[in-house]
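Taking it in order: structure first as structure tokens, then the write-up.
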Amino acid sequence: MNQTNVIEPIERLFALSPDLLCIANTDGFFKQVSPSFTETLGWSTDELLARPFLDLVHPDDRAATIRVVETLASGQPLLHFENRYQHKDGSWRTISWRCTPQAGGALYACGRDVTERRRNEQQVTVSVKALADFKAALDEHAIVAITDARGKITYVNDKFCAISQYAREELLGQDHRIINSGHHPKAFIRDLWTTITSGKVWQGELKNRAKDGSFYWVDTTIVPFLDAHGEPVQFIAIRADITERKRVEARMADLERALDEHAIVAITDGWGKITYVNDRFSAISKYAREELLGQEHRIISSGHHPKAFIRDLWTTINGGKVWHGELKNRAKDGSFYWVHTTIVPFLDAQGKPVQFIGIQADITERKEFELRIAQLNAELVSRADLLTEANKELEAFSYSVSHDLRAPLRHAQGFLQMLEKVTEGKLEPKAREFLQIVAQVTKEMGHLIDDLLAFSRLGRVGMKEQTVDLNGLVQDTIKSFELLTRDRSINWRIAPLPPAMGDSAMLRQVLANLIGNAIKYSSQRNPAEIEIGLAGEEAGRLILFVRDNGAGFDMRYAAKLFGVFQRLHRAEDFEGTGIGLALVRRIITRHGGRTWAHGEPGKGATFFFTLRPAGPVNP
């Protein structure tokens, strides 16, 4: 046999093996390498045999490789390990080795390039971790449920249980319709199932029912997973709770409806061009919608407001702030109307207004009423000034007249007294009677002047308001009339009275006049009945009264009772000046109250007056 045609079996094995075959030595050099070394690492055979193999090993793997060589040198066979060899292009290849020692320090090794496999394993590890992280994130932040192809629930996370208020055990194995709210129409549900059963992802909003019957909304993505034939085997539903957002949207929708129903609404662009008006805006402005859309907002300007007012309005809303105020506008027919207005600016990403929404309420009637009130107030002020002046003149007149009358009256009374002394015992009975009548008349004239002075003085006297004990005031007043009443039969009925606010001296005068009248006009009754009490309350004020069973009066003339010098009885029947009740009314009016009376001829009279209580009025 020709020796040159004989190929050693080991060389044939080296030539055919796809693995990296080599013979090395414990001195650290390759002695023989297979062609696959060059294919895998890019180095030529001569380059591989010329340098220590540790030069090609990754620095991080050299220590482990040295330990392996030492282990093999000690005679332990078939040692498996991995290390990284440098490719000629500078990259690194991971080689998995199996080695066995031979006599004389030789090492037989078989290596396999596992670089791609290790890279794939790392990617799989990363993917598995990423999937686990994704699932954990879903479980933490999303509402997750998985069903089989028929809609039977196979998995739910804690957030699904929380929002549905079902325990996990109550859901697993149940049909997905356990949380169906019945809100969505059949066509909506049919479209959902058609989408996911055809292998497509469905996204939308679902209204579901919780275990306790309450409803909640979820933004839902349903992902179908298919088998090798494209048929769904399970559905994963990932949800987000949007219940609160839907509530806000519903409230906003209600607000929009309410605005359109009850408010006057207009929208303009950032330049003030009208882009929307509702029916109420058209009604109050008397423009059709088509006449307003696209027009400048100044189409309804009235020209009423000063430039500074308008400038402030635009500065506010162009600055992104809400403006509130009252505007006077002009309708199409030239008439004017007032609206209480709120203008809300809507801004773009740069903070510039892109539109303005004006929400208005018609206050035309209120403004007209305010104008009328202002006019009336001006008239009242003018009349009050005139009345004040007239009162001052009247008081000055009363005071002057009273003093002017008092002087000649004193002279007359003095001469009468002198005449009585001079003629004592010399006049006939008839003449003495005439003289006594003149004396009585001058005395009554003096009382009249005193009352007139008191009446005119009242307008100039200041009030000292304080808590007044009405019970004590009534008792003191009655006691002051003892000289007039000690020889009469009078039944007094006096009820307990609450304290009131007022000027004690003035209220004493009121009670003196009313009680004095009751004593006077019941003088022909035996016994006389006089009652003082409380008749309830009116507008938070006490209603007090003084009642007698005396002469009474005709209600047709009740309006005259509280006038100056007004009398409903003859002076010869009941003496008086006709100023007492006028004084009562003036005092009570100054206290902010009112006076009135009820009576019937021959059956007595009741006089009422109101005062502010010192505390809450008992019902």
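The values are calculated or read from the model by the stated rules, or taken from the named source; none is laboratory data. Every value quoted in this text rests on a predicted model; they were computed, and no experiment measured them. Glycine gets a Cβ as well: all are built from the backbone with ideal geometry, and neighbour counts include every protein chain shown. Side chains included, ligands, DNA and RNA excluded: accessible areas come from the protein's heavy atoms. Shrake-Rupley method; radii C 1.70, N 1.55, O 1.52, S 1.80 Å.
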> Largest first, how would PHE607, PHE415 line up by accessible area (1.4 Å probe)?
Replying inline: PHE415, PHE607
>> Sort LYS464, LYS520 by heavy-atom solvent-accessible area, probe 1.4 angstrom, most to least.
In response: LYS464, LYS520
> What does the highest-first list of 373-383, 540-550 look like by mean Cβ count within 10 Å?
Replying inline: 540-550, 373-383
> Pairs LYS421/LYS560; LYS246/LYS367; LYS307/LYS367; LYS200/LYS352; LYS159/LYS352: which exceed 31 Å Cα-Cα?
Replying inline: LYS421/LYS560; LYS246/LYS367; LYS200/LYS352; LYS159/LYS352
>> Modelling each spin label as a point 7 Å along the Cα-to-Cβ direction, I'd like the GLU424/ALA535 distance in nm, to one decimal.
In response: 5.3 nm
>> If R₀ is 51 angstrom, what is the calculated FRET efficiency for the pair ARG410 and GLN375, using the beta carbon separation as r and rounding to 0.05?
In response: 0.45
> Which is farthest toward the positive dipole end of the range 15-74 among ALA24, GLY42, ALA73, measuring Cα position about the Cα centre, with Cβ charges +1 (Lys, Arg) and -1 (Asp, Glu)?
Replying inline: ALA73
> Quick one: how many Å² of ASP61 are accessible to a 1.4 Å probe, rounded to 10?
Replying inline: 30 Å²
> Which trypsin sites (Lys or Arg not before Pro) in the range 29-97 pass both tests, a DSSP loop state and at most 12 other beta-carbon atoms within 10 Å?
Replying inline: LYS88
> What is the sum of charges around GLY472, taking Lys and Arg as +1, Asp and Glu as -1, for the other residues whose C-beta is under 12 Å from the C-beta of GLY472?
Replying inline: 0
> Beyond 15 Å, what percent of the Cα pairs of the range 305-363 remain?
Replying inline: 55 percent
> Which of the trypsin sites (Lys or Arg not before Pro) found in the range 258-288 are loop residues per DSSP with 16 or fewer other Cβ atoms within 10 Å of their Cβ?
Replying inline: LYS286
>> From zero outward in steps of 5 Å, how is the percent of C-alpha pairs of the range 166-239 spread across the bins?
In response: 3, 14, 22, 26, 20, 10, 4, 1, 0
> Quick one: net charge of ALA597's neighbours, Cβ under 12 Å, K/R +1, D/E -1?
Replying inline: +1
> Of HIS58, HIS411, which has the most accessible area with a 1.4 Å probe, and how do the rest follow in descending order?
Replying inline: HIS411, HIS58
>> I'd like the Karplus ³J(HN,Hα) series for the range 328-339: coefficients 6.51, -1.76, 1.60, θ = phi - 60°, whole numbers in Hz, and an x wherever there's a Gly or Pro.
In response: 9, 10, 10, 7, 4, 7, x, 6, 10, 8, 10, 9
> How do the peptides 594-602, 191-199 rank, highest first, by the average count of neighbouring beta carbon atoms within 10 Å per residue?
Replying inline: 594-602, 191-199
> According to a simple spin-label model (label point 7 Å from Cα along Cα-to-Cβ), what is the distance in nm between THR26 and THR194?
Replying inline: 8.0 nm
> Which whole number in µm²/s is D for the range 237-307 by Stokes-Einstein, with the Kirkwood Rh taken over Cα pairs at 20 °C and 1.002 mPa s?
Replying inline: 146 µm²/s
> Can you work out the FRET efficiency for the pair PHE434 and GLN524, with r the C-beta to C-beta distance and R0 = 22 Å, to the nearest 0.05?
Replying inline: 0.20
